[in-house]
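Below: one structure, written as structure tokens.
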Amino acid sequence: MFEKIWSRHVVAEGPGGHVLLYIDRHLLHEGSTRAFGRLQNSGRRVRRPDLTFATADHYVLTSPGSPAPDEEIRAMVASLGQHTAAQGIVYFGVGDARRGIVHVIGPELGLTLPGITLVCGDSHTATHGAFGALAFGIGSTEVEHVMATQTLWQKTPKVMRITVEGRLPAGVGAKDVILAIILKIGAAGAVGHAIEYAGSTFRAMSMDERMTVCNMSIEAGARAGMVAPDETTFAYLEGRPWVPRGDAWGDALAAWKTLPSDPGAPFDRDVQLSAGEIAPTVTWGTSPQDALPITGRVPNPADVDDAARRASMERALAYMGLKPGTPLTEIRVDRVFIGSCTNSRLEDLRAVARVVKGRRATVPAWIVPGSGLVKRAAEAEGLDRVFVAAGFEWREAGCSMCVGMNGETAREGERVASTSNRNFEGRQGKGARTHLVSPTMAAAAAVTGRLTDVRTLQS
Amino acid sequence: MEPFTRLTAVAAPLDLPNIDTDRIIPARFLVKPKGAPGYAGFLFRDVRFNADGSEKPEFVLNQAPYRGARILVVAENFGCGSSREMAVWVLEAYGIRSVIAPSLGDIFHANCYKNGLLPVILPGEIVAGLRRQLHERPGAAVTVDLDAQTVGAPGGAQHRFEADPFRKEMLLTGRDELGLTLDFEARIGEFEERHARAMSWVAPPRR
Ligand code: SF4
């Protein structure tokens, strides 16, 4: 599948395996304003504004109605609005219900399609690969390059196939699958590769679930991760605003059906997991590979032979304020964050509502929907009332405490159960301690005030 | 972009694997424009400085012999995580021109090339050996020669590294990719026509 998409987008071949790759969709957020600035200074224009779409997510506050207190942050958002207007680019700004996290709105609006190349100046662009698109994150200089030329020089990556077969046990979701994959192959396991996710477990997943998996490909080291499009994909897409219509829909469907890898297609590396062995998973350290089933205990660095690994575990445990041997379910949390491009879609919120209905949060807990449309759909189902009744804070769409660029951070030393994708030192605020979990596990942690095996709550 | 040819400079070792771009430059500084006053001070901010701005003496770049290092010798998966190019800008602002690693985050790796910073990938044992030497001989210099594709260790050993011809040429001449691609304008235009026919459904409907 990777090869089919790649070869259809080669404009020219350069030396050393580099190709000039054509880009079908370019998504922008506030971070793109630097590239706009350089483009403007060099007197150039965006070559294909019709293939470029922008939204404000990283810097927008998610507390209803309050403007950003910080001048620089307000300027970041305003600047994106000005540049997109000047270049004739569709922009989903503050006040537009379609505004939201760039990786949530691309699929939701039908900007993401199978068989296309899609880039964005953000590492979680791999999310869009759930549709069988070749989607990857790029840096600021590359953003400017795509703006000016609609192309990128890329070296052909290797392709790794990760196959998961079987039915997921009760209480285990897509987030647990990707955390289990990262635990198995390591945070650098897929460096230099694009991942193709194959097997019955992914075929049985909804689009929201596939997006959760593809989203965290970068946490396994891969720039792109993809799932072959199928009836689930087509059913999700049909009728969305920017999806082809009429005859074009028929042509698209015919083309998309040819995308899945042919039987016997070669891969540079093959990895296999069995769904039945995956448990609800949490991270205990400061790399996404520091993950364990919730039934486990904080590992002991003394048990590890490799000196470098031991040193990094010791540092992670010191930062996290954890003692080896502690059962993971005894770790108390100060806060819960449910949101981010990993887990802020409607199905995530429904799963949270099922856990918290009739219960109470015992620690501050935020729910930040991925987009204005997700928010609206959740409210139409009454999910917001379930959340509010359970003591959760129901906020506006955005990245929020996933990264805290907008100032929404956890306090120093606070321990957060978070549905986001990165538990790096300082990621959710200076000195903040992050445990990555699935939405239902986050909901369970909010209710009990400690990391909790959600299966013990579900009767 | 400043060309990279050959550099002999003090190298500093960073032993921890998986140093992510949030650690290289925390998110709260991303709003600052490149070259803002004190930009180099954002580098490794929270592991390099205390809250009051004083230095943490245990951090390698705060130790006298390694101050002003222009080469970093790091461990596996350095620069993983976010695509923020500021991670490269802030290294550059500090004066770092080359990072020697067993592996690098893919996007960080690509971002290095765009800013004249040479990423060198060498086998894990060799890089670990280099770091050991730098600990044993604080302030020792390392030579990175892009033309010859060699790293000269403090002990005198020469290690050859792979450099793909495309990136090498760009770095040696300091040419940026955009300049190159603009020579392909006509080819891009022809491709767009063919592509619009081959994938007739690909353009977003006008709304
Ligand atoms: S939600 Fe988090 S990971 Fe996703 S785009 Fe926003 S900041 Fe990045």
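Scoring A:R427 on the criteria (1) in a loop (DSSP other than H, G, I, E, B); (2) open to solvent by 30 Å² or more (accessible area, probe 1.4 Å); (3) within 16 Å of the ligand (Cβ to nearest atom) leaves a single failure, condition (2).
Candidates are the residues of segment A:377-392 that are surrounded by 16 or more Cβ atoms within 10 Å (Cβ to Cβ) and within 24 Å of the chain's Cα centre (by Cα); the one that is nearest to A:A445 (Cα to Cα) is A:F392. Test B:D52 against the criterion of being of a type in the set (D, E) and in contact (Cβ under 8 Å) with a residue 60 or more places away in the chain, and give yes or no. Judged against the criteria, B:D52 is not a match.
Could you please find all residues in segment A:370-392 being of a type in the set (G, A, S) and within 16 Å of the ligand (Cβ to nearest atom)?
Those that are of a type in the set (G, A, S) and within 16 Å of the ligand (Cβ to nearest atom): A:G370, A:S371, A:G372.
Contact map, segment A:435-455: residues that are of a type in the set (A, V, I, L, M) paired with residues that are open to solvent by 10 Å² or more (accessible area, probe 1.4 Å), Cβ distance under 6 Å, separation 6+ or inter-chain. Pairs shown: A:A444/A:L457; A:A446/A:A361; A:V447/A:R359; A:L451/A:T329; A:V454/A:G171; A:V454/A:T440. So is A:G121 within 13 Å of another protein chain (Cβ to nearest Cβ), open to solvent by 10 Å² or more (accessible area, probe 1.4 Å) and within 16 Å of the ligand (Cβ to nearest atom) or not? When the stated conditions are applied, A:G121 passes them.
When residues of segment B:20-50 are filtered for being assigned to a loop (DSSP other than H, G, I, E, B) and either surrounded by fewer than 16 Cβ atoms within 10 Å (Cβ to Cβ) or modelled with pLDDT under 95 (or both), how many remain? Total satisfying the criteria: 11. Taken over segment A:194-228, the criterion of being within 13 Å of chain B (Cβ to nearest Cβ) and not acidic (D, E) is satisfied by A:A194, A:I195, A:M216, A:S217, A:I218, A:A220, A:G221, A:A222, A:R223, A:A224, A:G225.
Condition check for A:S287 on (1) under 30 Å from A:P299 (Cα atoms); (2) more than 9 Å from every other protein chain (Cβ to nearest Cβ): one failure, at (2). Regarding segment A:396-403, can at least one residue be identified that is within 14 Å of another protein chain (Cβ to nearest Cβ), in contact with a strand residue (DSSP E or B) (Cβ under 6 Å, 6 or more places away or on another chain) and not in a loop (DSSP other than H, G, I, E, B)? Yes: segment A:396-403 contains one or more residues that are within 14 Å of another protein chain (Cβ to nearest Cβ), in contact with a strand residue (DSSP E or B) (Cβ under 6 Å, 6 or more places away or on another chain) and not in a loop (DSSP other than H, G, I, E, B).
Given the options A:R315, A:R245, A:R297, A:R269, name the one that is out of contact with any Leu (no Cβ under 6 Å at 6 or more places or on another chain), under 25 Å from A:S123 (Cα atoms), surrounded by fewer than 22 Cβ atoms within 10 Å (Cβ to Cβ) and not aliphatic (A, V, I, L, M).
Answer to the check: A:R269.
Every condition in (1) over 23 Å from A:T141 (Cβ atoms); (2) away from chain A (no Cβ under 14 Å) is met by B:L7 except one, and the failing one is (1). Restricting attention to segment A:398-413, does a residue exist that is at pLDDT 95 or above and in contact with a Leu (Cβ under 9 Å, 6 or more places away or on another chain)? Checked segment A:398-413: no residue is at pLDDT 95 or above and in contact with a Leu (Cβ under 9 Å, 6 or more places away or on another chain). Pairs meeting the criteria (first residue in segment A:104-118 and open to solvent by 10 Å² or more (accessible area, probe 1.4 Å), second residue assigned to a helix (DSSP H, G or I), beta carbons under 9 Å, at least 6 apart or on different chains) are A:E108/A:L373; A:E108/A:V374. Out of segment B:157-196, which residues are at the interface with another protein chain (Cβ under 10 Å from one of its Cβ atoms), in contact (Cβ under 8 Å) with a residue 60 or more places away in the chain and surrounded by fewer than 19 Cβ atoms within 10 Å (Cβ to Cβ)? The one that is at the interface with another protein chain (Cβ under 10 Å from one of its Cβ atoms), in contact (Cβ under 8 Å) with a residue 60 or more places away in the chain and surrounded by fewer than 19 Cβ atoms within 10 Å (Cβ to Cβ): B:D176. Taking segment A:430-441 as the range and being touching a Leu at 6+ places or on another chain (Cβ under 8 Å) and either within 17 Å of A:S123 (Cβ to Cβ) or assigned to a helix (DSSP H, G or I) (or both) as the test, the residues that pass are A:L436, A:P439, A:M441.
Within segment A:393-415, the set of residues being within 16 Å of the ligand (Cβ to nearest atom), among the hydrophobic types (A, V, I, L, M, F, W, C) and more than 18 Å from the chain's Cα centre (by Cα) comprises just one member, A:A410. In segment A:93-118, the residue that is nearest to the ligand (Cβ to nearest atom) out of those that are aliphatic (A, V, I, L, M) and away from chain B (no Cβ under 13 Å) is A:I101. Could you check, for segment A:212-228, whether at least one of its residues is open to solvent by 40 Å² or more (accessible area, probe 1.4 Å) and in contact with a helix residue (DSSP H, G or I) (Cβ under 9 Å, 6 or more places away or on another chain)? No, segment A:212-228 contains no residue that is open to solvent by 40 Å² or more (accessible area, probe 1.4 Å) and in contact with a helix residue (DSSP H, G or I) (Cβ under 9 Å, 6 or more places away or on another chain). It is to be established whether one or more residues within segment B:164-180 are in contact with a helix residue (DSSP H, G or I) (Cβ under 6 Å, 6 or more places away or on another chain), in a loop (DSSP other than H, G, I, E, B) and in the same structural domain as B:L104 (by TED's automatic domain parsing). Looking through segment B:164-180, at least one residue is in contact with a helix residue (DSSP H, G or I) (Cβ under 6 Å, 6 or more places away or on another chain), in a loop (DSSP other than H, G, I, E, B) and in the same structural domain as B:L104 (by TED's automatic domain parsing).
Would you mind finding the one in B:A141, B:A153, B:A110, B:A148 that is modelled with pLDDT under 95 and assigned by TED's automatic domain parsing to the domain that holds B:F78? Just one listed residue meets the conditions, B:A110. On the stretch given as segment A:129-141, residues that are open to solvent by less than 10 Å² (accessible area, probe 1.4 Å) and either touching a His at 6+ places or on another chain (Cβ under 7 Å) or facing another protein chain (nearest Cβ under 7 Å) (or both) total 4. If the condition is being open to solvent by 10 Å² or more (accessible area, probe 1.4 Å), more than 21 Å from A:K155 (Cβ to Cβ) and more than 9 Å from chain A (Cβ to nearest Cβ), then segment B:72-127 contributes B:E92, B:A93, B:Y94, B:G95, B:R97, B:G124, B:E125, B:I126.
The values are calculated or read from the model by the stated rules, or taken from the named source; none is laboratory data. Remember, it's a predicted structure, so these values are computed and weren't measured experimentally. Quick reminder, even Gly has a Cβ in these numbers, built from the backbone with ideal geometry, and neighbours come from all protein chains shown. All accessible areas refer to the heavy atoms of the entire protein, side chains included, with ligands and DNA or RNA removed. Shrake-Rupley method; radii C 1.70, N 1.55, O 1.52, S 1.80 Å.
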